[in-house]
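To start, the structure itself, in structure tokens.
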Amino acid sequence: MSETVNERQAPQGGDIEELHIARPGGADGGARADGGSRRRAKRMLGVMRKERWMFPGWLYAVIFVAVDAVCVGILEWGVSLSATRVQLSSPTVGWGFLTKMFTQANFVCVLNMLLLGIVYLALLMLFNRFWIATPLILALAIIIAVIEHFKVSIRYEAILPADLSFLKADAGNLMSFMPPGAHWVVLGAAVAGVALFALCWVLYWLDGRHGRVFRSGADPRRTALNTVCRLLLIIVPGGFLTLYTMQVSTVGSWAKSFSSAMGDIPSMWDSVYDAQRNGPLVAFLRQLNPKVMDKPADYSEETMRQVAARYEKAADQINRTRSANMTDSSVVYILSESFSDPARVPGLKMNQDAMPQIRQIKEHTTSGLMLSSGYGGGTANLEYMGLTGLSMANFDSSLTSPYQQLVPTEHWMPTINQMWGAPKHSIGLHPYESSMYSRATNYKKFGFGKFYTLTGPDVISHQDKLGSSPYVSDAASYQSTLEELRKTDKPQFLQLITMQNHMPYHEWYPDNEFHAESTTGTPLEKDERMSIETYAKGAEITDQATKEFLDELDKLDKPVTVVFYGDHLPGIYSSASQDENNSLALHLTDYFIWSNQASASHGTKIGDDEYSSPNFFIAQAAEHMDAKVSPYIAFLTELHAKVAAMEPPVVNKIQGWNQIPEGSDIYLDPEGKPMNPEDFDAATKRLVDDYRLIQYDITDGANYLKDTDFMNLPE
């Protein structure tokens, strides 16, 4: 009777391994022992079955929901650490992300669980093993959260879809971007991961089904039915996730309405705040299918003809008073990685000046402060604005990286270097990976004939490094640039993106004499102070190398104009960044426009240069050089006279100024004061509206301006 009961308890599909019993003696002995051996085996199996209880389906469901919630919590942890601007005490993040379900009827936490649960379910149906899918989804959540933490700490930016292109880059180079103390975070994550995996292993051992969700046995009809069920549980939820991702950024769509009903409040002007407020997964998915920009209500071919005609007249008026041709000179754009003045950081005191040479240069030429759309990162966006004259402020907030989300699909992409004619006159230099930000592909589309990098196909000639720094020095980058200028007497356009001062900073320079201290009464943390001091020394080295580079340019017989700017501040000022009143100061870098002695514009200093943004550099360079302009540059010239600088809403708060609504674009007047778009006069409003028309036509419209002379310099 007991044997019959045990046989009924035996699991289907061979979940418990078969016991092999050796038969003693010969055939007769084996026959006599066979009955007893089988009874002993049955008793052993009975004991094992009592120890390994086969988990019922409802228990799997409970564990599934619990693990899903834990994974969402892990992801939220990655963006809600004390290093971020929004603290854990906020009712929006940390525990507030969960408890606002009860305090505010906001169920965005459940929305994140639903979306992540679909991924978890797909893994579960794919493997049909609960104790394989569960450790995998936990590992995925932990890895993403750690990466998210590093990126937020360094750049104050959440993981974006555009970052996926970095997976193509060399992993060793990406690892070099890890901040000081990163090993402790990695170690803590590893310990947490091991603990969770150990728990999964214990549950696997206790589970008599070993996590097998569908157990088909020998019945082929049941096997076929289970296969169909598994496929449906992948396809149907996966279809929902796909449709949601495609439409969640579209106003009026079912996905947008559903997301809003669950409590999603898009805050895409600040990717970290958006991830904290709405969950990293929701914030990430809404950017997978970005919208370029809203179509202006009056956009048409006739409207664009009127715009082109309006600024053709403006160009004619400007050109009556100018005598030079821009393309008779060489122009060098220098994007100096993370270059800015540490002395301008609120609450920070340095023992000596990190940029005395550039400070002196700025006093005698066109120069000022540049409003940056990035902090700790976003180089390619500043580069894009400088080369195109377009502004990130005009794009939809879901388009975060034009180099990766826009340029590869564009059919017409006018850039400044194209004014110099043939590609052989356009040279790009970047002492790092050519694949970063898809530059190798984009530079070809921009019309650059050569793009010199570490990885080629055109390899940059000078690759010297300083101390223990992993990056090519600015002096070496300048030397490579000089060689290109000396190769021909013809006018050229050169774009140099340096790497020397890229994060992170690890005491690269021996005998560093720089010392940093806080003036707020709260001492700097050890890692922050070390990073600031290393960065300051690097900035001083850049300062001296830049002066020497300009001295060499003064020796050339051909006219050269340099547009030099720091793209953003390094993301090392964690103390200063915790105060929202410092937000604007942490988005202002240094720039200057300088011409060598062979240029007629040597020593020129134009007006209205105290503040700028990179989209205006070409217009300022033309004014500095007394050069004739195209209708497009004439438009930028007129706009810059009204709006000195503009960027998307990257500034959280401007001290003493509370009149700009949250999420509004940032506009500065020529004195650096914020401007409320509602207060624009008629001329400024028309210029801003025309800017959106022009940018829409170039990037997402019908390219009506392509067949006009809008981009052409006068002959």
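The values are calculated or read from the model by the stated rules, or taken from the named source; none is laboratory data. Note that the structure is predicted; figures quoted are calculated from it, not measured. As a convention, Cβ positions derive from the backbone with ideal geometry for all residues, glycine included, and neighbour counts pool all protein chains shown. Only protein heavy atoms, including side chains, enter the accessible area calculation; ligands, DNA and RNA are left aside. Shrake-Rupley method; radii C 1.70, N 1.55, O 1.52, S 1.80 Å.
GLN500 passes every criterion in (1) at pLDDT 95 or above; (2) polar (S, T, N, Q); (3) over 23 Å from ILE460 (Cβ atoms); (4) in a loop (DSSP other than H, G, I, E, B) apart from (3). In the set PHE258, PHE214, only one residue is part of a loop (DSSP other than H, G, I, E, B), surrounded by 12 or more Cβ atoms within 10 Å (Cβ to Cβ) and among the aromatic types (Phe, Trp, Tyr); that residue is PHE214. All of GLY447, GLY456 fail the test of being at pLDDT 95 or above and on the phi > 0 side of the Ramachandran plot, apart from GLY447. Contact map, the range 512-527: residues that are more than 21 Å from ILE154 (Cβ to Cβ) and at pLDDT below 95 paired with residues that are in a loop (DSSP other than H, G, I, E, B) and open to solvent by less than 70 Å² (accessible area, probe 1.4 Å), Cβ distance under 6 Å, separation 6+ or inter-chain. Pairs shown: THR519/GLY347; THR520/GLY347. Candidates in the range 267-281 are the residues that are of a type in the set (D, E, K, R) and under 17 Å from LEU115 (Cβ atoms); of these, the one that is modelled with the lowest pLDDT is ASP274. Out of everything in the range 498-526 that is in contact with a helix residue (DSSP H, G or I) (Cβ under 9 Å, 6 or more places away or on another chain) and among the charged types (D, E, K, R), what residue ends up being farthest from SER434 (Cα to Cα)? Per the stated criteria, the residue is GLU517. Just one of the numbered conditions (1) open to solvent by 40 Å² or more (accessible area, probe 1.4 Å); (2) more than 28 Å from the chain's Cα centre (by Cα); (3) at pLDDT 85 or above is not true of THR99: (3). Can you find a residue in the range 413-423 that is within 30 Å of ALA283 (Cα to Cα) and either assigned to a loop (DSSP other than H, G, I, E, B) or touching a Cys at 6+ places or on another chain (Cβ under 7 Å) (or both)? There is at least one residue in the range 413-423 that is within 30 Å of ALA283 (Cα to Cα) and either assigned to a loop (DSSP other than H, G, I, E, B) or touching a Cys at 6+ places or on another chain (Cβ under 7 Å) (or both).
LYS465 meets the conditions (1) among the charged types (D, E, K, R); (2) within 19 Å of MET503 (Cβ to Cβ); (3) within 24 Å of the chain's Cα centre (by Cα) in every case but one. The failed one is (3). Being out of contact with any helix residue (DSSP H, G or I) (no Cβ under 6 Å at 6 or more places or on another chain), open to solvent by 10 Å² or more (accessible area, probe 1.4 Å) and aliphatic (A, V, I, L, M) is true of ALA440. Given the condition under 21 Å from THR520 (Cα atoms) and either at pLDDT 95 or above or crowded, with 23+ Cβ neighbours inside 10 Å (or both), answer yes or no: does some residue in the range 547-565 qualify? No, the conditions are met nowhere in the range 547-565. Counting just the residues of the range 405-436 that are open to solvent by 20 Å² or more (accessible area, probe 1.4 Å) and among the aliphatic types (A, V, I, L, M), which one comes out nearest to GLY447 (Cα to Cα)? Out of the qualifying residues, it is ALA422.
Table: residues versus (1) in a helix (DSSP H, G or I); (2) at pLDDT 85 or above; (3) over 28 Å from the mean Cα position of the chain (by Cα).
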site	(1), (2), (3)
TRP205	yes, yes, yes
ARG221	yes, no, yes
ALA224	yes, yes, yes
VAL228	yes, yes, yes
VAL236	yes, yes, yes
LEU241	yes, yes, no
TYR244	yes, yes, no
ALA283	yes, yes, no
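Selection within the range 348-402: residues that are open to solvent by 10 Å² or more (accessible area, probe 1.4 Å), touching a Leu at 6+ places or on another chain (Cβ under 6 Å) and assigned to a loop (DSSP other than H, G, I, E, B). The member of this set that is nearest to GLU623 (Cα to Cα) is TYR375.
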